[in-house]
Amino acid sequence: MRCLMIYRPEANPETSPPPSPEHFAKMGAYIEEMTRAGVLLDTGGLAPSSRGARVRRHRGKLTVTDGPFTESKELIAGFAIMRLPSLAEAKERAKGFLEFAGDGENEIRAMHEPSDWDPRLPKPALTRYMIIWRPEPGTERAQPPSAEMLKLIEAEKAAGILLASEGLEPSSQGARVRRSKGKVTVTDGPFTESKELIAGYALVNVKSIAEAKEHARRFLELAGDGESEIRVALAPHAAA
């Protein structure tokens, strides 16, 4: 199965000093090891939220809020996509990641399989934006994309805009692995904080944040009420 691992650091990533060269070297070696093993499919750190935005749709009305975002406990600093045999194995990988990354929390979510979304291999990109979708509270459920959504996905992939896009299984099939002051705790889903739940993501290759906002608007028109957070995705070796 494939898992999306989302990293929320304990320290505010917007104000923390950059990692040391030693940290980068260790993380780079860890990423290479997992990539060679066929476990790690993709990974990236996210640039500060001052370079991002949130596009929200509620009762048909769209609003756009530019970063930075003040809710430091909700800020996402990075992501990884892994192919693993079980959720238990994903939890172990999350623990290993936190040993390198430091205190914080990894949320692990099972992903729909390729047959559901028919994704294509990511194409090289100069700048990638990650769009994270949070649905309106109370709507967490696995459901196939509409015909209109599939048409939009196909068109944006053909244009080289959409690099990857996935819906996530309900959080009951996921877990959160947290490290604080050296102690690791694991919490199985489902998760009750509905306003923080993530239902899907997209990686897009566009020229500007303005263009990314437009794609987020188009997505929400089809996906329904909820919020898309837009963040600049850094190169894999800059992963947080």
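The values are calculated or read from the model by the stated rules, or taken from the named source; none is laboratory data. Remember, predicted model here, so these are calculated numbers, not experimental data. Here the Cβ is made from the backbone with ideal geometry for all residues, glycine too, and neighbour counts use every protein chain on show.
Things to note:
- Scanning region 1-14 for residues that are out of contact with any Ser or Thr (no Cβ under 8 Å at 6 or more places or on another chain) and either more than 21 Å from residue 49 (Cα to Cα) or exposed (fewer than 14 other Cβ atoms within 10 Å of the Cβ) (or both) returns 2, 3, 11.
- Scan of region 37-51 for residues that are part of a strand (DSSP E or B) and within 23 Å of residue 18 (Cβ to Cβ), ordered by number: 40, 42, 43, 44, 45, 46
- Test: residue in region 53-73 that is within 25 Å of residue 183 (Cα to Cα) and either among the small types (Gly, Ala, Ser) or in contact (Cβ under 8 Å) with a residue 24 or more places away in the chain (or both): yes
- Checking residue 180 against (1) more than 16 Å from the chain's Cα centre (by Cα); (2) surrounded by fewer than 18 Cβ atoms within 10 Å (Cβ to Cβ); (3) farther than 30 Å from residue 21 by Cα, the condition it does not meet: (3)
- Of note, residue 57 does not satisfy the criterion of being among the basic types (Lys, Arg), under 27 Å from residue 228 (Cβ atoms), surrounded by fewer than 17 Cβ atoms within 10 Å (Cβ to Cβ) and at pLDDT 80 or above.
So that you can scan it fast, the table gives a plain yes or no per residue for (1) of a type in the set (Val, Ile, Thr); (2) at pLDDT 80 or above:
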{"residue": "70", "(1), (2)": "yes, no"}
{"residue": "74", "(1), (2)": "no, no"}
{"residue": "86", "(1), (2)": "no, yes"}
{"residue": "95", "(1), (2)": "no, yes"}
{"residue": "116", "(1), (2)": "no, no"}
{"residue": "129", "(1), (2)": "no, no"}
{"residue": "134", "(1), (2)": "no, no"}
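- The set of residues in region 103-114 that are surrounded by 17 or more Cβ atoms within 10 Å (Cβ to Cβ) and either aliphatic (A, V, I, L, M) or modelled with pLDDT of 70 or more (or both) comprises 104, 105, 106, 107, 108, 109, 110, 111.
- Among the residues of region 162-203, those that are basic (Lys, Arg) and either under 27 Å from residue 216 (Cα atoms) or outside any loop (DSSP other than H, G, I, E, B) (or both) comprise 176, 178, 179, 183, 195.
- Test: residue in region 138-148 that is farther than 30 Å from residue 19 by Cα, surrounded by 13 or more Cβ atoms within 10 Å (Cβ to Cβ) and modelled with pLDDT of 75 or more: no
- Hits in region 52-111 (condition: in a strand (DSSP E or B) and out of contact with any strand residue (DSSP E or B) (no Cβ under 7 Å at 6 or more places or on another chain)): 58, 61
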